[in-house]
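Chemist: Just dropping this structure here.
The values are calculated or read from the model by the stated rules, or taken from the named source; none is laboratory data. Model, not experiment: these values are computed from the prediction. All Cβ positions, glycine included, derive from the backbone under ideal geometry; neighbour counts span all protein chains shown.
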Amino acid sequence: MSARTPLVVGNWKLNGNRELLGEMVPALQTLDATQVESVICPPFVFLAEDTDGVQKGAQSIASQDSGAFTGEVSGAMLREVGCHYVIVGHSERRALFGETDEVVAEKVKATLNAGLIPIVCVGETEQERESDETMAVITRQVKAVMDVLPSFSDSLVFAYEPVWAIGTGKTASCEQAEEVHRNIRQILISYNHELGNTTRILYGGSVKPENSKELFSSENIDGGLIGGASLKVDDFLQICNSALA
Ligand code: PGA
């Protein structure tokens with residue numbers, strides 16, 4: 001097995017309920033966690049539920065530790081209820097909630113400081129791809145995070161999510177995705193050769209059971225960040241299984 005154990009993360013966004021969690025947990029317990037790691041990221045209120053060993057992640061985090069920040073949830077609180085991961089800088093947070101590269105970098109630091117693993121999302125819009133700016137955008141987004149970390153953490157995970165592929169049914173081709181993933185890895189390697197090679201880089205954007213196996217078989221695609229298909233137990237389990245070598 002490669003040093004990079006495949007990771008498949010379900011991002012429920014503003015969807016789901018206790019019942020879905022209750023159905024998802026036993027399904028994911030059938031997976032061999034040494035072969036494929038799976039994580040569920042339901043809305044905050046469900047994170048305190050006992051998932052019997054199935055890993056949980058949050059969809060966002062406060063950049064502050066505590067204080068007068070109405071509506072926010074801190075890393076320490078997420079850790080206290082048994083979270084392992086935090087999705088940071090999802091394109092919906094960037095576009096709809098004003099999260100700039102600087103805010104994303106602060107949230108990555110807050111995640112690591114709490115002992116949690118950030119899944120840092122990067123990706124270009126359709127317009128940026130059409131005007132050939134894909135790698136400039138990705139490079140800026142990755143460096144904004146890497147430049148403020150005191151050291152390269154072995155807990156980092158990145159996710160390449162082309163904005164035009166999220167929730168649209170349009171998936172990047174394996175070649176398009178692999179090209180960006182390879183580039184992200186080169187950037188990471190420029191910070192630390194060994195850790196750049198072992199950092200997992202997930203693909204996200206309209207991943208389904210029909211396309212996941214091919215995507216995950218690419219050399220630098222180490223799993224997926226799944227939106228819509230993570231709300232269907234059978235589909236999500238199939239996607240997790242397709243990450244097995
Ligand atoms: P999608 O969403 O799988 O529904 O395209 C992916 C994501 O936003 O993480």
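Chemist: Limited to region 195-214, what total is found for residues that are touching an Asp or Glu at 6+ places or on another chain (Cβ under 9 Å), more than 14 Å from residue 121 (Cα to Cα) and either more than 14 Å from the ligand (Cβ to nearest atom) or of a type in the set (A, V, I, L, M) (or both)?
Modeler: Residues flagged as touching an Asp or Glu at 6+ places or on another chain (Cβ under 9 Å), more than 14 Å from residue 121 (Cα to Cα) and either more than 14 Å from the ligand (Cβ to nearest atom) or of a type in the set (A, V, I, L, M) (or both) within region 195-214 amount to 2.
Chemist: Among the listed residues 210, 219, identify the single one that is at pLDDT 95 or above and in a helix (DSSP H, G or I).
Modeler: Residue meeting the stated conditions: 210.
Chemist: Among the β-branched types (Val, Ile, Thr) and within 15 Å of the ligand (Cβ to nearest atom): is that true of residue 163 in this structure?
Modeler: Yes: the conditions hold for residue 163.
Chemist: Okay, next question. Taking only region 83-125 into account, find how many residues are more than 16 Å from the ligand (Cβ to nearest atom), among the small types (Gly, Ala, Ser) and in a helix (DSSP H, G or I).
Modeler: Number of matching residues: 2.
Chemist: Filter region 20-75 down to residues that are touching a residue at least 60 places away in the same chain (Cβ under 8 Å), touching a Cys at 6+ places or on another chain (Cβ under 8 Å) and assigned to a loop (DSSP other than H, G, I, E, B), then give me how many there are.
Modeler: 2
Chemist: It is to be established whether one or more residues within region 193-200 are in contact (Cβ under 8 Å) with a residue 60 or more places away in the chain and under 16 Å from residue 137 (Cβ atoms).
Modeler: No.
Chemist: A further question follows. Among (1) within 16 Å of the ligand (Cβ to nearest atom); (2) in contact with a strand residue (DSSP E or B) (Cβ under 7 Å, 6 or more places away or on another chain); (3) over 23 Å from residue 29 (Cα atoms); (4) among the polar types (S, T, N, Q), which single condition is residue 168 missing?
Modeler: Looking at each condition in turn, residue 168 falls short on (2).
Let's see how each residue does on (1) surrounded by fewer than 17 Cβ atoms within 10 Å (Cβ to Cβ); (2) among the hydrophobic types (A, V, I, L, M, F, W, C):
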residue	(1), (2)
195	yes, yes
202	no, yes
207	no, yes
211	no, no
215	no, yes
243	no, yes
